[in-house]
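A short reminder: the numbers here are calculations on the coordinates, not readings from a lab. Worth saying up front: this structure is predicted, and the values here are computed from it rather than measured. Here Cβ is always computed from backbone atoms with ideal geometry, including for glycine, and neighbour counts include all displayed protein chains.
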Amino acid sequence: AQSVTQPDIHITVSEGASLELRCNYSYGATPYLFWYVQSPGQGLQLLLKYFSGDTLVQGIKGFEAEFKRSQSSFNLRKPSVHWSDAAEYFCAVGPSGYNKLIFGAGTRLAVHP
Amino acid sequence: NAGVTQTPKFQVLKTGQSMTLQCAQDMNHEYMSWYRQDPGMGLRLIHYSVGAGITDQGEVPNGYNVSRSTTEDFPLRLLSAAPSQTSVYFCASIPGQQNTEAFFGQGTRLTVV
């Protein structure tokens, strides 16, 4: 069955530090992969997506993610975290694009000043 | 252009009551979906629609009905509310093409007592 695992429920980093959020997926073929961010009380905003091609994808707000087929991973990174990045982050896989997304449980990011 | 509008934002129901969560989009998108978000579980797909008159079940459809009589609207009906349906509900709309973004509403927080 298709699934997405985000091993870290909570992560705390200091402002200015680098960030990596982990995501592993289970899917029979190369999936469509997404990272979303959710600020408190808000809906979901797409940070970036991978469909094919270059395995390092750039997104909004300075985020990037790297698709590693051998590890079934799609980790999200940011070189320097800002206090405004505090939010919950969701990795998702879409067997047929954006329709019928399968989400991970989410990682809640706290940023210390 | 309002995007995806969900109403109400908050709702408290008694067990056994019925209600309809509304979702409307003004972007002429083909695809619309309903998800529920529960702590530690990410978002799970309830029902989705690939066009007016066409709906299908997602991962957790039990206790919910949907219909899609127009392109713009995709209401979610709770037939007999149960405490297990306490959740935050998100509606999403997608243009229908694989390489375009899914737009999420702001969510409806439902509590069943």
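Each of B:LEU43, A:LEU48 was scored by other Cβ atoms within 10 Å of its Cβ. Arranged with the fewest first, they read A:LEU48, B:LEU43.
Annotation note: chymotrypsin sites (Phe, Trp or Tyr not before Pro) in region A:5-113 located in DSSP loop regions with a Cβ neighbour count of at most 16 within 10 Å are A:PHE51. When only Cα pairs below 8 angstrom with a gap of at least 6 residues are kept, chain A shows a relative contact order of 38 percent.
For region B:6-57, the set of trypsin sites (Lys or Arg not before Pro) satisfying both a DSSP loop assignment and a count of at most 14 other C-beta atoms within 10 Å is given as B:LYS9, B:LYS14.
Label positions at B:THR7 and B:MET41, each projected 7 Å from the Cα along the C-beta direction, are separated by 2.9 nm. Between A:TRP83 and A:ALA1, the C-beta separation translates, for a Förster distance of 25 Å, into a calculated FRET efficiency of about 0.05.
With both residues required to sit in chain B, DSSP beta bridges show an antiparallel share near 90%. The charge dipole of region B:1-109, taken about its Cα centre with unit charges on the Cβ atoms of Lys, Arg (+1), Asp and Glu (-1) only, comes to about 460 debye. Diffusion coefficient of the protein assembly as shown by Stokes-Einstein, Kirkwood radius over Cα pairs, 20 °C, 1.002 mPa s: 119 µm²/s.
P(r) tail for chain B: Cα pairs beyond 16 Å make up 55% of the total. For chain B, the relative contact order comes to 36 percent (Cα pairs under 8 Å, sequence separation of at least 6). Divided by 2.2 N^0.38 Å, where N counts the residues, the Cα radius of gyration of chain A comes to 1.00.
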